[in-house]
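Everything below concerns the one structure shown next.
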Amino acid sequence: MSEQKDIQHSRPRWHYSPRSTWMNDPNGLIHYAGTWHLFYQSNPSGSTWGNMSWGHATSTDLLHWTEHPVALWHTDTEQIFSGSCVFDATNSSDLGTADWPPLVALYTAHYLPGSERLGTQAQCLAYSLDGGSHWTTYPGNPVLDRGSANFRDPKVFRHGDQWVMVAVEAEHQHVLIHTSTNLIDWTYRSTFGPAHAAGGAWECPDLFELAVAGSDETRWVLLVNLNPGGVAGGSGCQYFVGDFDGTTFTPDRVVGTSLDRRPGPDDPTLRSYDWLDFGRDCYAVVSFADAPDGRRIVLGWMNNWDYAYDVPLTGGRSIMTIPRELELVPLKGGYRLRQRPIRELPGDALAHYELRAGDRVSIGGVALEYRNGVLSLDRRGAGVEDFHEAFGSRQWAEIPGNPDTVQVDVLVDTCSIEVFAAEGMVTISDLVFFR
Ligand code: FRU
């Protein structure tokens with residue numbers, strides 16, 4: 001029990017936040033029958049981490065969310081950790097019928113005392129025949145068990161005539177790839193990692209094909225969240241661009257001589273890797289399955305394990321980032337992710353700035369500065385921050401090309417700021433509990 005008295009702060013306007021409970025990672029993101037589903041790591045009975053279950057909310061525009069009852073409940077012997085959802089359109093799992101195929105969730109069971117699997121994590125399955133409202137756990141669970149203590153966060157997608165699962169051996173900095181034809185029987189195929197940032201646990205991976213802007217080309221993107229060891233300290237999300245042949249992911253570029261190199265959190269080489277975000281608060285980023293029109297939309301948990309337990313309450317504890325749409329852009333012989341807030345966000349929600357070298361603007365007390373090709377954001381002094389010593393901080397990112405001016409789009413909410421710079425080539429996302 002925390003001795004500290006919780007600080008209450010207003011709920012965000014644009015960002016998903018639970019009304020009264022604890023939230024961490026987004027889980028099971030899927031667009032199904034015209035509705036966006038957001039499941040998430042939830043403590044249904046408290047505002048601190050524990051009793052992990054899947055909370056549930058739905059939306060038709062990714063901005064206005066309806067909260068629903070808990071979708072997957074923890075039990076006395078099992079916590080429900082992160083995972084993903086797919087629509088099994090061909091009923092490959094045989095858990096529905098050809099006319100009535102199921103939604104299937106793959107999640108990690110974290111076993112507790114009383115379980116014969118105590119101390120391990122394994123991948124389990126649940127299915128829904130009513131569009132995600134009610135879920136039945138598969139009686140043959142777990143469906144994939146390596147007897148490992150840190151094997152978790154399955155993200156499943158369809159590729160050709162098979163299902164592919166990426167999941168982590170978190171403490172080994174491995175992304176494991178398995179395939180299946182029925183979502184139940186899984187075959188090991190390959191391992192990626194460690195590579196680039198590996199100074200913490202690898203968590204919540206995602207792998208998807210993505211269009212290169214202005215061409216017919218596509219590449220594959222592997223998101224690897226890690227904690228600690230992120231570029232801004234603590235939790236962060238790095239990515240690799242490469243190729244995927246159905247069983248193996250091959251990165252286009254790996255900096256450094258060995259895949260085994262494991263730079264620590266303050267290693268300057270962290271800056272030579274690819275980061276989805278350069279702020280403190282963008283973690284467990286994963287994408288929606290089956291987004292229409294070929295869109296690739298990601299959502300992150302807007303928090304950092306460095307201080308997540310202590311952040312002020314905003315109704316419940318924690319918020320999600322604004323959903324972002326991704327594409328790839330060619331850069332220096334490689335590719336870079338470009339992110340924009342989803343187009344459903346009204347244009348006037350964003351403030352636009354043009355910063356010349358040496359410029360500094362204050363946004364509600366947050367200092368945004370551009371100098372020597374580096375964009376920095378300093379949240380110290382802009383809001384409530386004395387709840388944790390690690391919270392007051394300044395983040396920075398190099399702007400590619402080092403131009404004289406940089407265009408910046410900023411989304412400010414009651415407790416956050418998200419900066420999309422240089423047409424979304426650089427993002428910096430921070431909680432700020434504005435006074
Ligand atoms: C990431 C994470 C996951 C795990 C979940 C537990 O924040 O540690 O690896 O599944 O949170 O809540």
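Looking at region 17-44 only, could you name the residues that are within 16 Å of the ligand (Cβ to nearest atom) and outside any strand (DSSP E or B)?
Correct list: 18, 21, 44.
Restricting attention to region 194-233, and to residues there that are in a loop (DSSP other than H, G, I, E, B) and within 15 Å of the ligand (Cβ to nearest atom), which single residue is surrounded by the fewest Cβ atoms within 10 Å (Cβ to Cβ)?
Filtering region 194-233 for residues that are in a loop (DSSP other than H, G, I, E, B) and within 15 Å of the ligand (Cβ to nearest atom), the one surrounded by the fewest Cβ atoms within 10 Å (Cβ to Cβ) comes out as 228.
Show the residue pairs meeting these rules: Cβ distance below 9 Å; 6+ apart or different chains; first residue within region 276-287 and in the same structural domain as residue 400 (by TED's automatic domain parsing) and over 17 Å from residue 240 (Cβ atoms); second residue at pLDDT 95 or above and away from the ligand (no atom under 14 Å from the Cβ).
The qualifying pairs do not exist here.
Please go through region 118-127 and pick out each residue that is within 16 Å of the ligand (Cβ to nearest atom) and of a type outside the set (A, V, I, L, M, F, W, C).
The answer is 119, 120, 121, 123.
Select from region 288-319 the residues that are within 19 Å of residue 205 (Cβ to Cβ), among the small types (Gly, Ala, Ser) and either at pLDDT below 95 or more than 13 Å from the ligand (Cβ to nearest atom) (or both) and list them in ascending order.
The answer is 289, 291.
Any idea how many residues of region 72-114 are touching a residue at least 60 places away in the same chain (Cβ under 8 Å) and either within 16 Å of the ligand (Cβ to nearest atom) or outside any loop (DSSP other than H, G, I, E, B) (or both)?
Number satisfying all stated conditions: 13.
Return yes when residue 107 is in contact with a Pro (Cβ under 9 Å, 6 or more places away or on another chain) and either open to solvent by 10 Å² or more (accessible area, probe 1.4 Å) or within 17 Å of residue 225 (Cβ to Cβ) (or both) and no when it is not.
yes
For region 368-399, how many residues meet the condition of being closer than 26 Å to residue 274 by Cβ, out of contact with any Gly (no Cβ under 8 Å at 6 or more places or on another chain) and assigned to a strand (DSSP E or B)?
Residues that pass the stated criteria total 9.
The values are calculated or read from the model by the stated rules, or taken from the named source; none is laboratory data. Treat the numbers as computed from the prediction; the structure is a model and nothing was measured. Methodologically, a virtual Cβ is constructed for each residue, glycine included, from the backbone with ideal geometry; neighbour enumeration extends over all protein chains shown. Ligands, DNA and RNA are stripped out before the accessible areas are found, and what is left, the full protein with its side chains, is counted by its heavy atoms. Shrake-Rupley method; radii C 1.70, N 1.55, O 1.52, S 1.80 Å.
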